[in-house]
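Okay, so here's the structure we're looking at.
Readers should treat all values here as calculations from the given coordinates under stated rules, not as data from a laboratory. Computed from a predicted structure; not experimentally measured. As a convention, Cβ positions derive from the backbone with ideal geometry for all residues, glycine included, and neighbour counts pool all protein chains shown.
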Amino acid sequence: MNEALRIENEVIKYKIIRKPIKHLYMEVKEDFVEVRCNKFVDEEYIKKFILKHKNLILKKLDKKHYFLGEAVEKELDYKKETPKIVLPLVEKYSKIMELKPSKISFRFNKSRWGSCSSKNSIIFNYYLAKLPVDLIEYVVIHELSHIKHKHHQKPFWDEVAKILPDVKEKRKKLRKFEKEI
């Protein structure tokens, strides 16, 4: 860690990574801010940049960590935990729905819980383990339904509703939960 800025009663730790890049980039990590910039950007400018974005940074640093819908003390190893939860659900619902993915993989995504390719390969977000189990099941069923329907039109939602008659409530609950985490 390079430095720390004291802002009122808060301390923001930051790390500077110098690279041959054109712009300044900032990423809020678990407990510090990583700033990437070229060697010509002086540290005072970086401090001012961090101060300018202090509210956003403090909000992100203060985020609670979740596991299966519950707030927990510290962040888990989602890379390890999520497949243990998701893969048995994929197996269960694949049998029930008679829809089998060609491949299952995981990655960290900021905006999607899952996706299904044209070749029926499903990618799940490692952060799925943050959600309550019923919402993880919803995402699994949603992605499996894309094996049969590659769109979000009525036949797709009818397919999801065969397994989850309360699909609309699940979608609302997921959107509400997304705002919390």
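List the aspartates and glutamates whose Cα lies under 18 Å from the Cα of residue 52, skipping any in the same chain that are fewer than 8 positions away.
3, 8, 10, 27, 34, 42, 43, 44, 62
Can you tell me the order of 51-62, 119-130, 90-101 when each peptide is scored by its average per-residue count of other Cβ atoms within 10 angstrom, highest first?
On the way: 51-62: 13.0, 119-130: 19.7, 90-101: 14.8.
Peptide ranking by packing, descending: 119-130, 90-101, 51-62.
If each DSSP helix of 4+ residues adds -39,500 (n - 2.57) and the sum is divided by the residues in the chain, what number results at 222 nm, nearest 500 deg cm²/dmol? Working shown, then result.
Working: 6 runs with 78 residues, N = 181.
Taking each H run of at least 4 residues, the total per residue is -13500 deg cm²/dmol.
Please compare each pair in 47/74; 74/168; 29/59; 79/168; 60/176; 79/130 to a cut-off of 20 Å on the Cα-Cα distance and tell me which ones are over it.
With Cα atoms farther than 20 Å apart: 47/74; 74/168; 79/168.
If you take all C-alpha pairs in segment 67-180, what percent of them are over 23 Å apart?
Numbers: 1495 of 6441 pairs.
So the portion of pairs separated by more than 23 Å is 23 percent.
State whether segment 3-63 is rounded, prolate or oblate according to the following rule on the C-alpha gyration tensor (a ≥ b ≥ c being the square roots of its eigenvalues): a/c under 1.5 gives rounded; otherwise a/b larger than b/c gives prolate, and the remaining case gives oblate. Mind dumping the intermediate values first?
On the way: a/c = 2.20, a/b = 1.69, b/c = 1.30.
Here segment 3-63 falls in the prolate category.
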